[in-house]
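A quick write-up on the structure given underneath.
Only the coordinates and a few stated rules stand behind these numbers; no lab work does. Small disclaimer: the values here were computed from a predicted structure and weren't measured. In this analysis, Cβ positions are derived from the backbone assuming ideal geometry, glycine residues included, and neighbour counts consider all displayed protein chains.
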């Protein structure tokens, strides 16, 4: 199968997308697949093996139809009509079953993804580190998300595929991250790990690698914040022991730092468009420094306490991460925030008026509640002059 001749393109890493040339045949995000596209996927991941009429009727839930075999023939006809290309027959039948012809010119992203990873592995084993890294990056760019990300998958063949491609993706992230860090391109490794964790947030090994990459990049404050996020995400999962995670974190964040946490502000790179997030020790030092400045210049400082209330532990963990994202996005770049403890964030507003504090608190609360997926949790905001 050669991609350059392909007219039919099928994307399964992420939400399902099926194209013929420039024409989009399917780009739905419904959790329930239209049956003819489910039929295509069943044939596609059968890898050329025949599926019998009885198997297809069962897998496509056609038994309840008045004429199941006729319903199947109708689906086959519709699918052939949708994907047909001049001179090619994609679906073959015979001996009581159907299969997808492997010599037809279609392009499947998951196949290309695996091919690139195999080439990257061979290049790495041959000592061609630069070429391997380029191939890993090309493969990772194909991975838009987990296999049929938005679909409810009952069939074992699809569940196995989702697990297999997720494992390959995570292995590629680890390999590429290792190569970036070997070249001391720590920021690239950080971006890679963060993107992977946005898709698969419960991967504790990636959290640990990200923490170490922050340390190697001279960002100990960010390392501590990441450790806190790892704890918030994984302690609510039955798969992980909070005691074990806390022990891991204490080892990971053993940092050789100066006696003045305020120096982090001068040493670390951070996004100037976002609020400055730091760990509680650094926050206390910044607060004391800014309070002395404010007294000399007769300017006002405000402390705002954002507190999550209600909800089950697992829901609170999700809400904790959402609140952090909202605060980083919607506070001013001059604001300083810290996660004081789970469910509690403190903001230091510098050179700001009471009406502005009220507006900031209101905006954060509105944005948070709009994105929250449960009504059992609420956000309480209180502020006072510092």
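Which order do peptides 158-171, 130-143 fall in by mean Cβ count within 10 Å, highest first?
130-143, 158-171
With all distinct Cα pairs included, what does the Kirkwood hydrodynamic radius of the range 109-252 come out to in Å, to one decimal, could you say?
It works out to 16.2 Å.
Grab the alpha carbons of the range 3-107, take their convex hull, and tell me the volume per residue in Å³.
For the range 3-107, the hull spanned by Cα atoms encloses 108 Å³ per residue.
Relative contact order (percent) for the range 104-164, with alpha-carbon contacts under 8 angstrom and 6 or more residues of separation?
Answer for the range 104-164 is 28 percent.
So if I take the centroid of the Cα atoms in the range 132-153 and the same for the range 321-336, what is the distance between those two points in Å?
29 Å
Percent relative contact order of the range 109-252, based on C-alpha pairs within less than 8 angstrom and at least six residues apart?
15 percent
Hull surface divided by four, with the convex hull built on the Cα atoms of the range 274-385: how many nm²?
6.4 nm²
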